[in-house]
Amino acid sequence: MPPKLSKTILLGFTTLVMAVPTLIAEKPLPLETLTIRELETQITEIDATLDTLAHSTLRSGVGNVGWISQPTKAPKPSEWVQIFIEEPAVIDQIILVPVIWRDSDKGYQSDGFPSEFKIIAGTDENSAGVTIAEVSDTSLTPRIAPFVLSLSPIEVTWIRIEATPVRSQVWNDDYTFQLAEVLIFSGEKNVALKQRVKASSKMGINISHAITSRALVDGLVPYLMDAATGKKGEPFITFYRSELEHSFTIDLEQPQPVDGVNLHAVDILENVPRIHHADYGMPKKLEVTGANQADFSDQKTLVTFERDSLYQTGSILMLRFPEAKYRYIRITAIEGYQAPEAKKVMSCFGLAEIEIIHNESNIAQGKPIVENRSNKTSQGSLTGLTDGRDHFGDILPLKKWLNQLALRHDLEQARPAIAAELQLRYSKQKTYLRIMYWVAGVLIVVVLLVILIDRIVRMRHVAQLKQRFAADLHDELGANLHSIGLISDLAKDADSAEEWQTLSQRIRDLTERTGTAVRHCTNMLEAKSLYIGLVEDMKRSAERITTNLAHSITIEGEAYLEKLKPRQRVDLFLFYKESLVNICRHSGATEVETHLSADPKYVTLTIHDNGVGLPAQASRTAPKSLQRRAELLKAQLTVASNDSEGTSICLKLRI
């Protein structure tokens, strides 16, 4: 006996599962972990697969419901139904078909289909059996599709389905367990067909044929075979006198083993409400015989079917019998169908397709077929009975058909969640794109503003360069030319050739320095080594400029002067030179005192002369050339002047 199997839920027929593994994986990845491309691929694959699957088209008209346990007000621990298989069979799949009802708000829904159940299987020698599957899944409903349960192959002679009853939406919210059909497959064969059934309870109402445990294995399901492939077939209907028998004979062209017949009902119209009964054209009593001689002299009855009510027919009538080998198969209507539109003396025999079965395969497709008499009142083509098509398209093997319906349900259940996640991603993308558009717009504005500001800054910088260039030329060259003039005056009054030669050399040095300053004036803006020895440069310049004046210079905190930036040293030096030149030119002073002090934060330059002072209207205003240089230094400039004490200029610069 094989070990107990763990719970398994099949979401599709094996071949279909292999074809679309990403769609129905047992443990799919959470949707939020998938990329948009992966979600789009899943949607595309689902849609492509759905196009190949049979449609969930439901029967209409009158028919049996299936089995319903005895409704109870309180839930029972379990209800069960047990199916006994006549011969031991190795089974690999069980299909449960739900009872279906029509909800006025939600449409067609299953009723009484359990979310928790287990399947126990056993043999004649093992009456206790073993649990081969347990299911606990609230997502099984709502559904109208069959539920497919795949199993590891196991030999059984019976199976029992035990379930916890659920609330019925039809039977006053009572607790019930309901199934329309149970199919047990051994390979392609439904070994549960027409087998003995035992149930824990049954409905206590007088509809014995419509709601009964026997209906679980009659092969009648609430669906119409609506395949996605093939052209529509045309049914064949013939009318004949009621006292006669009418038959169709199929020539298999050579003796072949046969073990069953499937008769597909006409289902000629899709009107709502229907014009005809669901059993239209299906004889009340028929017989299937086989023979190897064309005249049926050696015929043998294979199976006889007689129905007592409308509840014993459906879209496919499945008849099975022991395997036998015959060339000719004849289906005879012993008691025909009485069509409402025909005269009472006339009977009707109509089918959409006749399948002659061996190992669940149709061996009659495309084979010749004849009827025992030709009637002018026949409708359709006789050869349409063996063309392998019904009213919707191709006729599929039973197992494949129901598995396709189950797979369609699973994919249609999965698709909305994927589509919703994809739509959410698209919405987020749109939001992100809108944000990106705004960001791009802001960036464009920012870039334009940066370009505009940069242009303004550059223009201001150019203006400042012009201003500084002019100031540098004025201060550097002006001071040098003034010095040259003073030294020239001294050279005129030289007492000796040696003194004259010394003064001439000083003039030459100043001339060369002035030429160098002119050549490198623009480079003074970036000079890094210019006026590194600021104090010494200031002393030398003072000595040259104030040749005719008494001059003294004092320094405090010389170490802090090294913290000045190169540009500050240049501007400070040029300010000092321009101040001395102005004193020499305009003050009439005889003495000049310079005091330069520095601390960690500030550098203060104070220049005092004993001249006539500034004019009264400008006593507190420094010359424009000094103001310009102070602005370039971003320094504080103050001026004090009177006739008796001369003029003091103070420049305070932050380091």
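The values are calculated or read from the model by the stated rules, or taken from the named source; none is laboratory data. The shown structure was predicted, so the numbers you read here are calculated from the model rather than taken from an experiment. Cβ placement follows ideal geometry from the backbone for every residue including glycine, while neighbour counts extend to all protein chains displayed.
Per-structure values
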{"item": "Selected residue (only one of V197, V261 is out of contact with any Pro (no Cβ under 8 Å at 6 or more places or on another chain), assigned to a strand (DSSP E or B) and not assigned by TED's automatic domain parsing to the domain that holds M346)", "result": "V197"}
{"item": "Condition check for K194: among the charged types (D, E, K, R), under 30 Å from A342 (Cα atoms) and under 50 Å from the mean Cα position of the chain (by Cα)", "result": "no"}
{"item": "Any pair with Cβ under 6 angstrom, 6 or more apart, that starts in the range 102-119 at a residue that is closer than 15 Å to V170 by Cβ and in a strand (DSSP E or B) and ends at one that is modelled with pLDDT under 90 and among the hydrophobic types (A, V, I, L, M, F, W, C)", "result": "D111/W101; D111/V170"}
{"item": "The listed residue being free of Cβ contacts under 8 Å to residues at least 60 places away in the same chain, small (G, A, S) and touching an Asp or Glu at 6+ places or on another chain (Cβ under 7 Å), out of A559, A589, A640", "result": "A589"}
{"item": "Residue tally, condition at pLDDT below 95 and surrounded by fewer than 21 Cβ atoms within 10 Å (Cβ to Cβ), over the range 89-103", "result": "3"}
{"item": "The range 347-370, residues that are part of a strand (DSSP E or B) and surrounded by 18 or more Cβ atoms within 10 Å (Cβ to Cβ)", "result": "S347, C348, F349, G350, L351, E353, I354, E355, I356, I357, N362, I369"}
{"item": "Candidate set from the range 48-77 (those that are outside any loop (DSSP other than H, G, I, E, B) and either free of Cβ contacts under 8 Å to residues at least 24 places away in the same chain or among the polar types (S, T, N, Q) (or both)); member that is farthest from T313 (Cα to Cα)", "result": "A48"}
{"item": "Meets criteria (of a type in the set (S, T, Y) and not in a helix (DSSP H, G or I)) for T41", "result": "no"}
{"item": "Only listed residue being farther than 20 Å from L382 by Cα and either assigned by TED's automatic domain parsing to the domain that holds R389 or under 46 Å from the mean Cα position of the chain (by Cα) (or both), chosen from D279, D226, D267", "result": "D226"}
{"item": "Subset tally (residues that are farther than 16 Å from K577 by Cβ and modelled with pLDDT of 65 or more) for the range 507-519", "result": "5"}
{"item": "Among the candidates S641, S579, residue that is small (G, A, S), under 27 Å from A463 (Cα atoms) and over 60 Å from the mean Cα position of the chain (by Cα)", "result": "S579"}
{"item": "The range 55-77, residues that are at pLDDT 90 or above, surrounded by fewer than 23 Cβ atoms within 10 Å (Cβ to Cβ) and within 20 Å of I159 (Cβ to Cβ)", "result": "none"}
{"item": "Residue satisfying condition, being among the hydrophobic types (A, V, I, L, M, F, W, C), at pLDDT below 80 and more than 30 Å from R569 (Cα to Cα), within set A494, A440", "result": "A494"}
{"item": "Matching residues in the range 296-321 - criterion: being under 15 Å from A215 (Cα atoms) and either part of a strand (DSSP E or B) or under 50 Å from the mean Cα position of the chain (by Cα) (or both)", "result": "Y311, Q312, T313, G314, S315, I316, L317, M318, L319"}
{"item": "Residue check for E591: among the acidic types (D, E), out of contact with any helix residue (DSSP H, G or I) (no Cβ under 8 Å at 6 or more places or on another chain) and modelled with pLDDT of 85 or more", "result": "yes"}
{"item": "Complete set of residues in the range 33-64 that are β-branched (V, I, T) and more than 14 Å from A227 (Cα to Cα)", "result": "T33, T35, I36, T41, I43, T44, I46, V62"}
{"item": "Filter result for the condition that a residue is in the same structural domain as M538 (by TED's automatic domain parsing), closer than 16 Å to A635 by Cβ and part of a helix (DSSP H, G or I), over L574, L596", "result": "L574"}
{"item": "Pairs with Cβ under 6 Å, 6+ apart, first in the range 473-497 and within 18 Å of Y576 (Cα to Cα), second modelled with pLDDT under 70 and assigned to a helix (DSSP H, G or I)", "result": "E476/A517"}
{"item": "Residue identified as under 16 Å from E360 (Cα atoms) and either at pLDDT below 90 or not hydroxyl-bearing (S, T, Y) (or both) among V266, V221, V258", "result": "V258"}
{"item": "Some residue of the range 603-621 being under 22 Å from D537 (Cα atoms) and assigned to a helix (DSSP H, G or I)", "result": "no"}
{"item": "Selected residue (criterion: surrounded by the most Cβ atoms within 10 Å (Cβ to Cβ)) from residues of the range 120-141 that are in contact (Cβ under 8 Å) with a residue 12 or more places away in the chain and aliphatic (A, V, I, L, M)", "result": "A121"}
{"item": "Qualifying residue in the range 142-164 (condition: in a loop (DSSP other than H, G, I, E, B), hydrophobic (A, V, I, L, M, F, W, C) and either closer than 26 Å to K400 by Cα or out of contact with any Asp or Glu (no Cβ under 9 Å at 6 or more places or on another chain) (or both))", "result": "yes"}
